[in-house]
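*Asks:* One structure, as structure tokens, below. Some questions next.
Please treat every number below as a calculation from the coordinates, not as lab data. Treat the numbers as computed from the prediction; the structure is a model and nothing was measured. Positions of Cβ are backbone-derived with ideal geometry, glycine not excepted, and every protein chain shown enters the neighbour counts.
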Amino acid sequence: MPLHEKLTEFYRGQLPDAVLDGTTLKAKCPFCERRGHKEAGVLAVFLNTQGYFAGYFRCLSRCVPGGFAPHFARLRGLDGALVPGHDPDRESYVQTDECAQENLNREIERLHATLTPDILTYFSARAIEAGTLAELKIGFNGRYLIYPYFRENDCCYAAHCISPERGSDQFWLGDAGYATGGRQIFNLKEIERCEDGALFVTEGEANLLCLKELGFPGVAVPTAADLEEVDVSRFAHVQTVFLVLNNAPESEAAARGFAARLGFKVRLLQWPTRSPRGFDLTQLAQANLAGFKAEVSRMIGAARAYSPFRAPEREYQLFCEDLDRQHSASFRAMQSGLSGFDAALGGVHGINVIGGPPKSGKSILGIQLATEIAKRQMPVIYYDFENGRQKIYQRTLARLSRVPVEQFVAGGLAGDESGRYEAARAEFQTMLNCFRVVTDRKLTPELMRRHIDFLRHETGRDDAVVVIDSLHKLPFKDFSERRTGIDAWLRELESIRDELRVAFLVLSELSRQEDGSYEGVPHMGLFKGSGDIEYTADNALIFKPDWQVGQQVAQAERCNSLWLVASRENSPGLIARYRLDFPFWGFTEVAGEESAR
């Protein structure tokens, strides 16, 4: 039997004289007499099969607070097993705070009795009438509205006092400790009453009063920021939580943070188009008092479930955009300029980790690859912890101009060298629009994200390349162990790659063999200080000198081999050999049979 039919059977069994009026079961309230009412009011039970509030009951005379079937059973003293959906192993939320000896209960009663006609008119203009104010014991001290925060033991130890003329003028009456640490929940006991049902969470007490006037259950927090301290386990037995926060970016961020902790049961209400900043339910009621209930009902019907996933439509759109991007001129521009490299890897895409021994020319290769991509007007950020900005710029200028650094630093160039140098300077200046060198040793993943966003926006490009020289010199401020820090950074690079769709070229150190050398067939085990490179890198490469580093070797013999040792999409093996082009600080690819040797 469907749950709504079980609920109908349950309530009909407890209210034998009830009459079904559409989807609402109406009966003589069984609780009014207990509360000393001379005449029993009407108990209404909502049984809409498609609604979130199926099984919600309330006395129209407000003799008891409304709630769902488990709360009804507790009020009637029934065995919980009679309630549809009863879970005998369910544990109730236990409040462990010790309560103070003194409370504000008498003061709250006195302040409620001092509500003036002007204050009643103030609330009435916001669709809030005297019955709701009495139910929640709202008071007035002549200057401030008093919103009492009752605890589970029906005692009030703190009350929020807000000026009706200026909302920023406010303070806490009583023990302010009961307004911090997640305790700042207005109408707290409503959560228990909404077990197996739905309730609202609003920002600001007056917004909750608007919903209570319409007959909806809910709680409130003073500000959206207070949601961060609320213990979401309080809502463990509530099936659906509607979040209604003010129309402001900070409120929306707080709502999403709360929803992320609470999970799938949260539904976010959206404000009408063009609602002003800070717009809330009280303002909506003032703007359209006659249509307020209908507008709130529309917002509830249109409420979106919080999801940690993208909407299927958006997911498909992004998939198509990525397909188009791979055919774009921008994507094709992410080429290294080295034919063997580009043929083997398709350019610089994904996370590419290049390992090499010390002084093997890794930085020279990294600078060359980075500046070749930037020459094509692609944004490139070079995080340098090895050489320094000036050295990178000078070596780039030497490679572009074919003039050694020592000569153009000394000055006095003439003839063809002078022409090449001036042309290279102009090319370099243009390239700097897309090429940024960062030497900040306080770099964080969030700062890296901001750098990428800025440069992509400034260049008008969706793609970008990030070069890191080197992985082992990244800042590890928050990590106690070097390896832990490296692996944590690799996880962040994966996240940035996926979020921002950028490519990485990461230079890495290698570990020495047992004999102290770097000889042997290149393999994944040579990478130093991280087991996660194997899982993070889309392409893992080793740049290995074919000559003995540190020994006197003729320039023509100073060649390196670039090996692809692991890849998600490409076949491992020797990519190409590269001859050091000194003193111009670059590498040239060795072609054909010479490369094979």
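*Asks:* Would you order 306, 316 from fewest to most other beta-carbon atoms within 10 Å of each residue's own beta-carbon?
*Replies:* 316, 306
*Asks:* Tabulate in residue order the Karplus-calculated ³J(HN,Hα) for segment 123-137, using 6.51 cos²θ - 1.76 cosθ + 1.60 with θ = phi - 60°, rounded to whole Hz; enter x for Gly and Pro.
*Replies:* Once θ is set to phi - 60°, the couplings for segment 123-137 become 6, 4, 5, 10, 6, 10, 10, 4, x, 5, 5, 6, 4, 9, 6 Hz.
*Asks:* Assuming R0 = 22 Å, can you tell me the calculated FRET efficiency for the pair residue 20 and residue 50, based on Cβ-Cβ distance, to the nearest 0.05?
*Replies:* After rounding, the FRET efficiency stands at 0.85.
*Asks:* Measure nothing fancy, just the Cα-based angle from helix 445-459's long axis to the longest principal axis of the chain, in degrees from 0 to 90, nearest 10.
*Replies:* On a 0 to 90 degree scale, this one is about 70.
*Asks:* In debye, nearest 20: dipole of segment 1-91 around its Cα centre with unit charges on the Cβ of K, R (+) and D, E (-)?
*Replies:* Magnitude of the dipole: close to 420 debye.
*Asks:* Charges only on Cβ, +1 for Lys and Arg, -1 for Asp and Glu: so what's the dipole of the chain about the Cα centre, in debye to the nearest 20?
*Replies:* Dipole of the chain, to the nearest 20 debye: 740 debye.
*Asks:* Which listed residue (535, 398, 508) has the Cα farthest towards the positive end of the charge dipole for segment 329-596, taking +1 on Lys and Arg C-beta and -1 on Asp and Glu C-beta about the Cα centre?
*Replies:* My answer, from the dipole projection, is 398.
*Asks:* For segment 174-194 and segment 1-66, what is the separation of their Cα centres, given in Å?
*Replies:* After rounding, the separation between the Cα centres reads 28 Å.
*Asks:* At 7 Å along Cα-to-Cβ for each site, give me the label-to-label distance between residue 461 and residue 163 in nm.
*Replies:* Each label point is offset 7 Å from its Cα along the Cβ direction, giving 5.5 nm.
*Asks:* Based solely on its DSSP helices, what 222 nm [θ] is calculated for the chain when runs of n ≥ 4 H residues each add -39,500 (n - 2.57) and the sum is averaged over all residues, nearest 500 deg cm²/dmol?
*Replies:* Taking each H run of at least 4 residues, the total per residue is -10000 deg cm²/dmol.
*Asks:* Strictly over 23 Å apart at the Cα level, which of 189/212; 362/528; 212/293; 375/528; 375/473 would you flag in this model?
*Replies:* Result: 375/528; 375/473 exceed 23 Å.
*Asks:* Here's a follow-up. For the chain, what does the relative contact order come out to in percent, with C-alpha contacts under 8 Å and a separation of six or more?
*Replies:* Computed value for the chain: 9 percent relative contact order.
*Asks:* Also, quick follow-up: Taking the Cα-to-Cβ direction at residue 440 and at residue 233 and moving 7 Å from each Cα, how far apart do the two end points lie in nm?
*Replies:* The two pseudo-label positions are separated by 3.9 nm.
*Asks:* Place +1 on the Cβ of every Lys and Arg and -1 on the Cβ of every Asp and Glu in the chain, take the dipole about the Cα centre, and give the residue among 289, 209, 134 whose Cα lies farthest towards its positive end.
*Replies:* Sorting the options by dipole projection puts first 289.
*Asks:* Normalising by the residue count of segment 329-596, find the relative contact order in percent from Cα pairs under 8 Å and 6+ residues apart.
*Replies:* It comes to 26 percent, rounded to a whole number.
*Asks:* Can I ask one more? Tell me the GluC sites (Glu not before Pro) within segment 102-191 that lie in a loop according to DSSP and have at most 15 other beta-carbon atoms within 10 Å.
*Replies:* 102, 129, 152, 165
*Asks:* If you don't mind, there's one more thing I want to ask. Counting only C-alpha contacts under 8 Å and six or more residues apart, can you give the relative contact order of segment 3-82 as a whole percent?
*Replies:* It comes to 22 percent, rounded to a whole number.
*Asks:* Moving to a separate point now. Based on Cβ point charges of +1 for Lys and Arg and -1 for Asp and Glu, what charge dipole magnitude is obtained for segment 49-186 about its Cα centre, in debye rounded to the nearest 20?
*Replies:* So the magnitude is around 420 debye.
*Asks:* Got a sec? How would 393, 11 order by Cβ neighbour count within 10 Å, fewest to most?
*Replies:* Neighbour counts put them in this order, fewest first: 393, 11.
*Asks:* Once you have a ≥ b ≥ c as the square roots of the Cα gyration tensor eigenvalues for segment 1-112, tell me rounded if a/c is under 1.5, and otherwise prolate or oblate according to whether a/b is larger than b/c.
*Replies:* Here segment 1-112 falls in the oblate category.
*Asks:* Please determine, in degrees from 0 to 90 and to the nearest 10, the orientation of helix 312-325 with respect to the longest principal axis defined by the Cα atoms of the chain, where the helix direction is its Cα long axis.
*Replies:* Helix 312-325 sits roughly 10 degrees off the main axis of the chain.
*Asks:* Let me know the shape class of segment 105-305, please: from the alpha-carbon gyration tensor, a ≥ b ≥ c as square roots of the eigenvalues, rounded when a/c is under 1.5, otherwise prolate if a/b is greater than b/c, or oblate.
*Replies:* Note, shape of segment 105-305 comes out oblate.
*Asks:* Right, something else. Starting with the fewest neighbours, write out 416, 226 ranked by other beta-carbon atoms found within 10 Å of each beta-carbon.
*Replies:* Final ranking by Cβ density, sparse to dense: 416, 226.
*Asks:* Which label marks the calculated value of Cα extents along the principal axes in Å, given the options (1) 110, 52, 48; (2) 104, 60, 43; (3) 110, 55, 51?
*Replies:* (1)
*Asks:* Give the calculated FRET efficiency between residue 90 and residue 433 to the nearest 0.05, with a Förster radius of 41 Å applied to their Cβ-Cβ distance.
*Replies:* 0.05
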